[in-house]
1. Residues in region 205-223: is at least one among the basic types (Lys, Arg), under 30 Å from Ala96 (Cα atoms) and either outside any helix (DSSP H, G or I) or touching a helix residue (DSSP H, G or I) at 6+ places or on another chain (Cβ under 9 Å) (or both)?
2. Residues to consider are Ala100, Ala42, Ala96; find the one that is open to solvent by 40 Å² or more (accessible area, probe 1.4 Å) and under 17 Å from Glu155 (Cβ atoms).
3. Which of the numbered conditions does Gly45 fail, given that it passes all the others? Conditions: (1) touching a residue at least 12 places away in the same chain (Cβ under 8 Å); (2) under 25 Å from Trp226 (Cα atoms); (3) assigned to a loop (DSSP other than H, G, I, E, B).
4. Taking only pairs six or more apart or across chains, which ones have beta-carbon atoms under 6 Å, a first residue in region 155-183 that is on the phi > 0 side of the Ramachandran plot, and a second residue that is open to solvent by less than 20 Å² (accessible area, probe 1.4 Å) and at pLDDT 95 or above?
5. Filter region 70-89 for residues that are touching a residue at least 60 places away in the same chain (Cβ under 8 Å), of a type in the set (A, V, I, L, M, F, W, C) and more than 18 Å from Phe37 (Cα to Cα) and give the result.
6. Determine whether Leu129 is over 20 Å from Gly45 (Cα atoms) and touching a helix residue (DSSP H, G or I) at 6+ places or on another chain (Cβ under 6 Å).
Amino acid sequence: MREKTRPATDTLQSGPTGWAMPVITILGVAASVVAAFVGSGALGGTPVSEAAGGALSADATPVAPAGSAFSIWSVIYLGLIVYALWQLTGTARRSARQRALRPWALASVLLNAAWIWSVQFDLIAVSVLVITVLLAVLIRVMYILGAPRTGGPLELVVADGTFGLYLGWVSVATLANTYAWLAASGVEVVTGVPFGIVGIVAAAGIGVATALLSRGRVAPALATSWGLAWVAVGRTEGRFEAAELVWTAAVAAAVVVLVAVGNLLRNRRAGVRTPADPARPGATRGATAEQR
C-alpha cells in the first residue's frame, strides 16, 4: 500500500457544481439590485436621505456622510452584478470558495434591499437591526474569502474587491444608521460634537481591526476611509459644522488606509500568504492522504 498525498487545490477546486445556485444567485442579485434601485428613489420616489423624516440625511447627525459618499453604491452594485454573472463560468462553479460564498452573497443583497425598504416605511429601528445583520453577514463573507482564490485576477476583483468595498462601506453606514435612529428617538447626546468624535473614532477602530484581521485586504479600508472622508466634508458646513469633527474624520480616514497598506506590505515582506494570493499547486494546507 502506498500513501498518496492529494494537493490542497483539490479541496479548493473540483468538478463543476450544478447550475441551480449560480442561477439563483443571479436572479437574487438582479431582483435585489432592482428593489434597491427603486427603493432609493432613483425612479422618482422618495430618496433614502429624505425618507423617515430625513433621519438619514447628510445633516442629520455629526457622523452622517455628505450625500456624494453614497455614489460608492454604484461601484458596489456593478461589482455584485458582474460577480453574479461570473458564477455561471466553469471556474466559479468548480471553486469550493465560491460555492461556500454564494448563499452568503445572496443573503447580503437581500438584506440590503430589506434595509432600503425598511427606511422607506419609516421603520428606522428595524433598519438598524437589518443593517447590523448585514454587517455580520459581510464579516462572515470576509472569513470565507480567506481561502486562497482559484479564479485568478478576475476573482480578486469581482469577489474580494466587491465584497471588500461592501464590508467597508456598511461598517460606516451601520454606525451612521445607529446614530440616526438614536437622534430620531430623542437621544440628544448623539447630536453633540463629543459624541460625534466618539463615533468617528469607533468607525476608524472598526476599519483598523478589519484591516488587521483580513490579512492584507485593502478594499474594506478604502471604503471605510471613503465614508470617513465624506463625514469630514459634511462637517465643513450645515448644522453640525465643527473643525474638531472635520479633522477627526480626516485623520481617521488616513489612518485606516495607512494601517491597511502597511499591513499588506508587512505580510508581503514576511512571505505570509494573503487572501488575494492564488492557490499554489503542491501547497500543504488542507492536504489529505488516501490509501491504495
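The values are calculated or read from the model by the stated rules, or taken from the named source; none is laboratory data. What you see is a predicted model; the values in this text were computed from it and never measured. Every residue, glycine among them, receives a Cβ derived from its backbone with ideal geometry; neighbour counts consider all protein chains shown. Side chains are part of the model used for accessible areas, which takes the heavy atoms of the whole protein and leaves out ligands, DNA and RNA. Shrake-Rupley method; radii C 1.70, N 1.55, O 1.52, S 1.80 Å.
1. Yes, there is a match, as at least one residue in region 205-223 is among the basic types (Lys, Arg), under 30 Å from Ala96 (Cα atoms) and either outside any helix (DSSP H, G or I) or touching a helix residue (DSSP H, G or I) at 6+ places or on another chain (Cβ under 9 Å) (or both).
2. Among Ala100, Ala42, Ala96, only Ala100 is open to solvent by 40 Å² or more (accessible area, probe 1.4 Å) and under 17 Å from Glu155 (Cβ atoms).
3. Here Gly45 meets the rest and fails (2).
4. Listed pairs, sorted by first residue: none to list.
5. Once the filter is applied, which keeps residues that are touching a residue at least 60 places away in the same chain (Cβ under 8 Å), of a type in the set (A, V, I, L, M, F, W, C) and more than 18 Å from Phe37 (Cα to Cα), region 70-89 yields Trp86, Leu88.
6. no
A quick yes/no check of all residues on (1) of a type outside the set (A, V, I, L, M, F, W, C); (2) touching a helix residue (DSSP H, G or I) at 6+ places or on another chain (Cβ under 7 Å):
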| residue | (1), (2) |
| --- | --- |
| Ala84 | no, yes |
| Gly90 | yes, no |
| Arg102 | yes, yes |
| Trp115 | no, yes |
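Per-residue answers, yes or no, for (1) modelled with pLDDT under 85; (2) more than 30 Å from Thr248 (Cβ to Cβ); (3) part of a helix (DSSP H, G or I):
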site: Asp10; (1), (2), (3): yes, yes, yes
site: Pro16; (1), (2), (3): yes, yes, no
site: Ile24; (1), (2), (3): no, yes, yes
site: Ala84; (1), (2), (3): no, yes, yes
site: Leu88; (1), (2), (3): no, yes, no
